[in-house]
1. Which number in (1) in contact (Cβ under 8 Å) with a residue 12 or more places away in the chain; (2) away from chain B (no Cβ under 14 Å); (3) within 16 Å of DNA strand C (Cβ to nearest atom) marks the one condition that A:GLN35 misses?
2. In the stretch A:88-103, what residues are more than 10 Å from chain B (Cβ to nearest Cβ) and surrounded by fewer than 22 Cβ atoms within 10 Å (Cβ to Cβ)?
3. Is it the case that A:LEU81 is of a type in the set (A, V, I, L, M, F, W, C), within 11 Å of chain B (Cβ to nearest Cβ) and either exposed (fewer than 13 other Cβ atoms within 10 Å of the Cβ) or not in a helix (DSSP H, G or I) (or both)?
4. Take B:MET116 and tell me if it is at pLDDT below 95 and buried (at least 18 other Cβ atoms within 10 Å of the Cβ).
5. Out of the stretch A:9-22, which residues are within 16 Å of DNA strand C (Cβ to nearest atom), in contact (Cβ under 8 Å) with a residue 12 or more places away in the chain and out of contact with any helix residue (DSSP H, G or I) (no Cβ under 6 Å at 6 or more places or on another chain)?
6. Can you tell me which residue among A:LYS53, A:LYS88, A:LYS95 is under 30 Å from B:GLU90 (Cβ atoms), within 16 Å of DNA strand C (Cβ to nearest atom) and assigned to a helix (DSSP H, G or I)?
2 protein chains.
Amino acid sequence: MKPKILSVRDQIADLIRSDIISGELAPNTKLNEIQLAERFDVSRGPIRDVILKLTKEGLLVSKNNVGASVNAPLPSELQKLSIDLRKKIEEYAAKQLAGHLTLEQLADMDAIIDNMQEHFEREEYTELTKADIAFHEYFVELAGGESLLNLWYPIVIRMRMNYQRIKTSSKLVDEHRDIVNAFREGDAKAAIAAIRKNIK
Amino acid sequence: MKPKILSVRDQIADLIRSDIISGELAPNTKLNEIQLAERFDVSRGPIRDVILKLTKEGLLVSKNNVGASVNAPLPSELQKLSIDLRKKIEEYAAKQLAGHLTLEQLADMDAIIDNMQEHFEREEYTELTKADIAFHEYFVELAGGESLLNLWYPIVIRMRMNYQRIKTSSKLVDEHRDIVNAFREGDAKAAIAAIRKNIK
DNA sequence: CGTTTGCGAAATGTTAACCTTTTTCTTTAA
DNA sequence: TTAAAGAAAAAGGTTAACATTTCGCAAACG
């Protein structure tokens with residue numbers, strides 16, 4: 001898998017996303033542009049870009065002339081709706097991909113799952129969550145490109161604010177192996193079933 | 001309905017969105033920050049904010065160090081998926097709202113439809129499309145607040161790039177009246193049916 | 001003749017200073 | 001004593017200058 005070069009802004013965005021997913025930045029925490037600028041040793045410009053991005057993703061809430069703060073988790077009805085939406089998207093992706101994946105792509109997914117396993121064993125739950133997201137992101141992007149990713153991402157990232165380190169059973173890794181194995185065998189139905197089982 | 005005060009950035013974003021929906025800015029058109037700054041008589045800062053926002057909405061595509069250009073319409077498979085997702089969200093909203101709307105809220109929706117009718121008669125199709133979006137946005141926001149809006153908006157705005165002024169039959173206005181009437185009678189099933197009929 | 005290298009223009013990325021709004025604390029008057 | 005008014009501080013909004021990157025084009029080389 002080719003290493004991606006990330007812009008300064010994207011790297012900062014990733015770090016703040018991690019802080020929110022890990023719970024280090026709790027809901028309603030106010031983000032101060034100047035503090036963040038000092039923390040990452042850049043000026044306020046790039047920080048503002050990052051805040052705008054995360055706001056559009058739903059992780060932050062911004063108010064004019066007041067600033068941004070960490071958003072509250074989704075209420076449970078919307079959480080349920082989000083699960084439905086996410087299933088629809090990933091099922092679509094599975095239908096497109098089953099039988100059309102290269103060996104290299106399958107290997108990439110295996111590698112991500114190996115990574116998940118490692119983080120699970122070390123009890124690094126934030127990293128585990130990120131690997132989980134990366135796995136799904138990988139095949140959603142393959143199936144529908146940036147367009148589909150743009151629809152999928154805000155749904156998933158917001159969902160993930162809810163179960164911080166709760167449902168981290170050892171089954172999680174296996175569920176992902178099931179998905180890849182179904183892909184490997186070109187079995188769209190099995191892939192969809194495995195995905196349905198994994199998303200909850 | 002109370003008039004909303006919009007920030008400079010939001011007003012500029014609305015204008016560029018209009019240009020894209022109307023087709024004035026065709027897909028693949030490159031957006032130049034300096035030109036836009038001059039056009040709206042602001043500096044490049046706010047323009048960059050707007051470009052970031054519209055990129056997150058899926059209307060633009062940005063590349064590091066290269067700039068932003070108008071995105072291509074969704075391929076038809078993704079268009080179909082988007083319709084499904086949008087239906088799911090708006091059906092959820094209808095279920096939440098039916099029977100719980102105030103007279104004032106119903107009047108607001110009537111007003112938006114009157115507005116649609118006017119634009120239809122004057123053949124102002126871009127404005128008609130915007131009013132159409134505003135109508136759905138109104139009740140989606142009522143049902144799920146900003147959180148739901150954040151999930152809904154990118155789906156709809158991207159869909160709207162596809163049928164520019166194509167399906168502007170006179171039925172469109174009536175379909176919306178049907179939705180409000182179902183709301184008025186607190187009939188969730190009828191509201192959902194009307195919404196299903198309208199979204200295509 | 002085709003490919004590569006490097007220059008230069010144009011566009012984006014970043015910064016720091018300045019402006020405006022919001023908030024908070026203090027003063028003052030009822 | 002309380003509450004309104006206003007000043008001061010803090011934070012976000014905007015700007016313009018500066019830095020870096022990209023890309024086309026032309027010269028040089030194979």
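The values are calculated or read from the model by the stated rules, or taken from the named source; none is laboratory data. What you see is a predicted model; the values in this text were computed from it and never measured. Quick reminder, even Gly has a Cβ in these numbers, built from the backbone with ideal geometry, and neighbours come from all protein chains shown.
1. For A:GLN35, the exception is condition (1).
2. Our first condition is that a residue be more than 10 Å from chain B (Cβ to nearest Cβ); within the stretch A:88-103, this holds for A:90, A:94, A:97-103.
Matches in the stretch A:88-103: A:LEU97, A:ALA98, A:GLY99, A:HIS100, A:LEU101, A:THR102, A:LEU103.
3. Numbers: of a type in the set (A, V, I, L, M, F, W, C): yes; within 11 Å of chain B (Cβ to nearest Cβ): yes; either exposed (fewer than 13 other Cβ atoms within 10 Å of the Cβ) or not in a helix (DSSP H, G or I) (or both): no.
Considered against the rule, which asks whether it is of a type in the set (A, V, I, L, M, F, W, C), within 11 Å of chain B (Cβ to nearest Cβ) and either exposed (fewer than 13 other Cβ atoms within 10 Å of the Cβ) or not in a helix (DSSP H, G or I) (or both), A:LEU81 comes out as no.
4. Values: at pLDDT below 95: yes; buried (at least 18 other Cβ atoms within 10 Å of the Cβ): yes.
So B:MET116 fits the description; yes.
5. Here is the first cut: in the stretch A:9-22, the residues within 16 Å of DNA strand C (Cβ to nearest atom) are A:9-16.
Subset that is in contact (Cβ under 8 Å) with a residue 12 or more places away in the chain: A:9, A:12-13, A:15-16.
Passing the criteria: A:LEU15, A:ILE16.
6. Numbers: A:LYS88 fails: within 16 Å of DNA strand C (Cβ to nearest atom); A:LYS95 fails: within 16 Å of DNA strand C (Cβ to nearest atom).
Every option except A:LYS53 fails the conditions.
Residues are listed down the side, and each one gets a yes or a no for (1) within 12 Å of another protein chain (Cβ to nearest Cβ); (2) within 11 Å of DNA strand D (Cβ to nearest atom); (3) surrounded by 14 or more Cβ atoms within 10 Å (Cβ to Cβ):
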residue: A:GLY23; (1), (2), (3): no, no, yes
residue: A:ASP41; (1), (2), (3): no, no, no
residue: A:GLY58; (1), (2), (3): yes, no, yes
residue: A:ASN65; (1), (2), (3): yes, yes, no
residue: A:ALA72; (1), (2), (3): yes, no, no
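Yes or no, residue by residue, for (1) over 15 Å from B:VAL156 (Cα atoms); (2) touching a strand residue (DSSP E or B) at 6+ places or on another chain (Cβ under 9 Å); (3) within 13 Å of DNA strand C (Cβ to nearest atom):
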residue: B:GLU24; (1), (2), (3): yes, no, no
residue: B:PRO27; (1), (2), (3): yes, yes, no
residue: B:LEU31; (1), (2), (3): yes, yes, yes
residue: B:GLY45; (1), (2), (3): yes, no, yes
residue: B:GLY58; (1), (2), (3): no, no, no
residue: B:PRO75; (1), (2), (3): no, no, no
